[in-house]
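Heads up: the structure comes next, in structure tokens.
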Amino acid sequence: MRWWGKAWWLVWSLSALGALSAWAQRSGQQLAVFEGVGIEEQLGARIPLDLTFFDEEGQPVALREFFDGRRPVLLALVYHDCPMLCNLVLDGLTRTLQQMSWTPGDQFEVLAVSFNHRETPEQARRQKIHYLEMLGKPAAGAGWHFLTGDSTTIRALTDAVGFYFRWVPEKQQFAHPAALIFLSGEGKISRYLYGLEHDPGDVRKALVEASEGRVGTVIDQVLLYCFQYDPNENSYVANAFNIMRLGGVVTMVVLGITLFLFWRRERRRQQETLHPAG
């Protein structure tokens with residue numbers, strides 16, 4: 001190889017190493033942004049219901065006012081100035097609610113709580129108007145609440161549910177996870193569903209599960225028995241063992257009814273033979 005060929009190869013190698021180093025540095029910086037950000041599930045834990053937030057009208061309201069001991073509560077932790085992710089979470093939730101026969105305020109409550117303590121009830125009010133219009137169910141306004149609060153109150157709630165976020169000064173935005181959190185009517189955490197889009201059937205099952213059977217139909221209870229939440233799939237999947245067991249019970253019931261009807265018919269026939277009419 002001539003000397004200029006070696007020189008060209010050296011320059012190219014140094015350039016490639018420089019680009020690789022810059023990429024690694026940028027990647028490291030991006031990863032550092034998400035340090036301490038994520039969710040640590042607190043299944044079975046209870047959130048502090050005495051925490052006081054502000055509703056869309058600026059009125060102080062304790063969390064316990066949304067927990068009646070019976071109906072489940074769906075919690076979405078977002079912030080209204082979020083440039084992308086939070087809007088996608090609320091957009092996806094709204095599309096899911098559109099496809100459900102249940103309505104917030106009837107079978108369950110929805111709380112959209114801002115984790116940005118700088119946000120105001122006025123911002124929450126605008127968000128509520130926007131998403132209720134998008135949902136197209138005016139009655140849902142009684143059951144879908146957009147709350148704001150101070151930093152101490154917000155942190156107490158987010159810590160209780162294991163939702164960890166951080167402010168990124170250079171980006172002027174929060175780094176945070178995306179999930180829907182389901183709670184019982186007493187404030188007990190029962191399920192987390194991750195991501196931006198959720199199957200309406202999964203959300204309904206999670207609500208039935210959170211209610212511990214207090215809402216939903218018999219069919220909902222049967223479906224919940226036959227389907228089990230799979231964290232790897234982030235969805236409810238068929239439980240083959242329970243389906244087989246339920247199938248066995250149904251078979252025994254049907255067989256029992258059939259035998260009873262057969263026995264009763266035979267007994268009636270014998271009585272008619274022994275005691276003919278006329």
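Read-outs: derived from the displayed coordinates by stated rules, not from any lab. Computed from a predicted model, the values in this text were never measured in an experiment.
With an 8 Å Cα cut-off and a minimum separation of 6 or more residues, compute the relative contact order for the stretch 38-213 in percent. Mind dumping the intermediate values first?
On the way: 357 pairs, mean separation 61.3, N = 176.
Taking the mean separation of contacting Cα pairs over the length of the stretch 38-213, I get 35 percent.
For the stretch 38-213, pairs of C-alpha atoms spaced more than 21 angstrom apart make up 43 percent of the total.
Were the residues from Y194 through K171 laid out at 0.36 nm apart, the gain over their Cα-Cα distance would be 5.9 nm.
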